[in-house]
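Report on the following structure.
The values are calculated or read from the model by the stated rules, or taken from the named source; none is laboratory data. These figures come from a predicted structure and were not determined experimentally. No Cβ is skipped: glycine too gets one built from the backbone with ideal geometry, and neighbour counts run over all protein chains shown. Note: areas computed on protein heavy atoms with side chains; ligands, DNA, RNA excluded. Shrake-Rupley method; radii C 1.70, N 1.55, O 1.52, S 1.80 Å.
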Amino acid sequence: MHDSSLDALIEALRCLPGVGQKSAQRMAYHLLQHDRQAGLRLAEALASAMSDVRHCERCHTFSSEPLCLICQDDTREQDQLCVVETPADLAALERTGSYRGQYFVLLGRLSPLDGRGVRDIGWSKLLQRVDDTAVREVILATSFTAEGDMTALALTEALQARGLKVTRLARGVPVGSELEYVDLSTIAHAMLDRR
């Protein structure tokens, strides 16, 4: 039998991806028994983020300002636009340090089976963005799933019709992997996309 406040904390922690009942209970017990200060910092940071963080007006990543730091950076390439599905995808690309252009976050991908069409993602805002800016190349960095491929294909057609150069992230064998352990689809795509 638990206190209702403890039950509420455990249930709230379960909303996180990959956190089940036991993990949520361990986290709650740890915070309450060993690190109440961390629990208070977590509660404060969570409340602050929920009230202050929104989507950037230009690229749709998370930002506490109307324009995110990337969109405010005039030193970034203005003629390249990398299209990703989520703010987490943008953050992953930024961590590589290999891209210095602009971004656009679709906030989803096409998925007819789930009822997600062009109106449910940032499709029209993306097309407006490329029409209103100096973008010459659009790099599609959608996921390599059936939905991500479908989204990339549809975007390629729409963007090429506007006279833009459209490229897609290459698929390939992961660095440090041994070929015999890589799935056949990845090997096939790596062979087709070889340089």
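Numbers for the structure displayed
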item: Residue tally, condition assigned to a loop (DSSP other than H, G, I, E, B) and surrounded by fewer than 12 Cβ atoms within 10 Å (Cβ to Cβ), over the stretch 124-180; result: 9
item: In the stretch 20-54, the residues that are open to solvent by 80 Å² or more (accessible area, probe 1.4 Å), assigned to a helix (DSSP H, G or I) and either within 30 Å of residue 65 (Cα to Cα) or basic (Lys, Arg) (or both); result: 22, 26, 36, 37, 40, 41, 42, 44, 46, 50, 51
item: Single residue of the stretch 104-144 satisfying the filter (polar (S, T, N, Q) and touching a residue at least 24 places away in the same chain (Cβ under 8 Å)) that is nearest to residue 77 (Cα to Cα); result: 133
item: Residue 173 being in contact with a Pro (Cβ under 8 Å, 6 or more places away or on another chain) and either under 20 Å from residue 108 (Cα atoms) or of a type outside the set (Asp, Glu) (or both); result: no
item: Selection within the stretch 67-81 - in contact (Cβ under 8 Å) with a residue 12 or more places away in the chain and under 19 Å from the mean Cα position of the chain (by Cα); result: 68, 70, 71, 80, 81
item: Hits in the stretch 64-94 - residues which are polar (S, T, N, Q) and closer than 15 Å to residue 106 by Cα; result: 86
item: Residue within the stretch 60-67 that is in contact with a Leu (Cβ under 7 Å, 6 or more places away or on another chain), among the polar types (S, T, N, Q) and at negative phi present; result: yes
item: Top-ranked residue in the stretch 100-112 [being part of a loop (DSSP other than H, G, I, E, B) and open to solvent by 30 Å² or more (accessible area, probe 1.4 Å); ranked as farthest from residue 133 (Cα to Cα)]; result: 109
